[in-house]
Amino acid sequence: MKYLFVGDVHNHSYIFEDVKRLDEKYKFNRIIFMGDYVDDWLTDNHNSLETLNTVFNLKENEPNKYTFLLGNHELSYLGYECSGHDYNLDDVMTNKLKENIDKLNFYTVVKCNDKDYVCTHAGITNDYIKNMLDEENNWQKQLENINNDKLNNLYMLSVVSSSRGGNCPFSSFVWADYTEHIYYNKIEKPIVPYQIIGHTPVKTVLDENNFIFIDTHSTYRDGRPFGDKSYLMWDEDIFKIIS
């Protein structure tokens, strides 16, 4: 099996062109986008609507190939606003997302050899499982139930810690910061030991003890690239960084 993992898009249309080019070369079985398709420093919601149309068309045309995870910037148009929220065309954005919510996933799991990598926008912390789910009562099944009734469970994604400007002691899996994972993973063993994560900008694809961070397409406010625009690929039995 061959998988491609794609970091946050934020209206960077070249990413879809890259994905098409890489898919023609490698013939991926699955392509997984990590969320945050909309909003960027130098774009507005007209661009965001174009991006959402591209996302939903890809999913509709090849539903088994493409997985699109929901990010905090999509959540911001569904009643839980975040920094970068653009009020222009707000109602149109909200309706577009609600109408197509079943084309987005809260999470997905990918098997890489004998390891199950859980993919979410920002990563699942132990504190989230302990406080929002039930560690002793099959938290995986609970996560599946939340995913199957997305609009009624958006509040489960709204908790934000001080690491991202909130006032909660922990963050959800669309808000957790890289620093939260690194700090808490030194204190106790992760309940979810293998994860692939976007959300926090990194210079290049970064593997921190089986927590792999892939948001390499983010930019500074003036549009200069922060990361190297790389992608993560699983090719039969090994992870590779490609561009």
Can you list the helices (runs of 4 or more DSSP H) found entirely within segment 69-145 that contain at least 2 residues being in contact with a Ser or Thr (Cβ under 8 Å, 6 or more places away or on another chain) and of a type outside the set (Lys, Arg)? 126-132
Subset tally (residues that are more than 15 Å from Ile129 (Cβ to Cβ) and either modelled with pLDDT of 95 or more or assigned to a strand (DSSP E or B) (or both)) for segment 154-173: 4
Residue set Asp102, Asp114; condition within 19 Å of the chain's Cα centre (by Cα) and among the acidic types (Asp, Glu); output residue Asp102
For segment 192-219, pairs from a residue that is acidic (Asp, Glu) and buried (at least 24 other Cβ atoms within 10 Å of the Cβ) to a residue that is part of a strand (DSSP E or B) and at pLDDT 95 or above, with Cβ under 9 Å and 6 or more apart or across chains, are Asp215/Ile197; Asp215/Gly198; Asp215/His199; Asp215/Thr200; Asp215/Pro201
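Here is a yes/no grid of residues against (1) closer than 17 Å to Glu17 by Cα; (2) assigned to a strand (DSSP E or B); (3) in contact with a Leu (Cβ under 7 Å, 6 or more places away or on another chain):
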| site | (1), (2), (3) |
| --- | --- |
| Ile197 | no, yes, no |
| Thr204 | no, no, no |
| Ile212 | no, yes, yes |
| His217 | yes, no, no |
| Asp222 | no, no, no |
| Gly227 | no, no, no |
| Trp234 | no, yes, no |
| Asp237 | no, no, no |
| Ile241 | no, yes, yes |
With Asp36, Asp23 as the choices, which residue is of a type outside the set (Ser, Thr, Tyr), modelled with pLDDT of 95 or more, within 22 Å of Thr216 (Cα to Cα) and assigned to a loop (DSSP other than H, G, I, E, B)? Asp36
List the residue pairs whose Cβ atoms are under 8 Å apart, where the first residue sits in segment 64-79 and is in contact (Cβ under 8 Å) with a residue 60 or more places away in the chain, the second is polar (S, T, N, Q) and buried (at least 22 other Cβ atoms within 10 Å of the Cβ), and the two are 6 or more positions apart or on different chains. Leu69/Thr120
Restricting attention to segment 191-212, and to residues there that are in contact with a helix residue (DSSP H, G or I) (Cβ under 6 Å, 6 or more places away or on another chain) and of a type in the set (Val, Ile, Thr), which single residue is nearest to Gly35 (Cα to Cα)? Thr200
Suppose we filter segment 80-116 for residues that are acidic (Asp, Glu) and touching a residue at least 24 places away in the same chain (Cβ under 8 Å); how many remain? 4
Inside segment 145-184, can you point out the residues that are acidic (Asp, Glu) and over 23 Å from Lys203 (Cβ atoms)? Asp149
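The values are calculated or read from the model by the stated rules, or taken from the named source; none is laboratory data. This is a predicted model, so every value here is computed, not measured. Methodologically, a virtual Cβ is constructed for each residue, glycine included, from the backbone with ideal geometry; neighbour enumeration extends over all protein chains shown.
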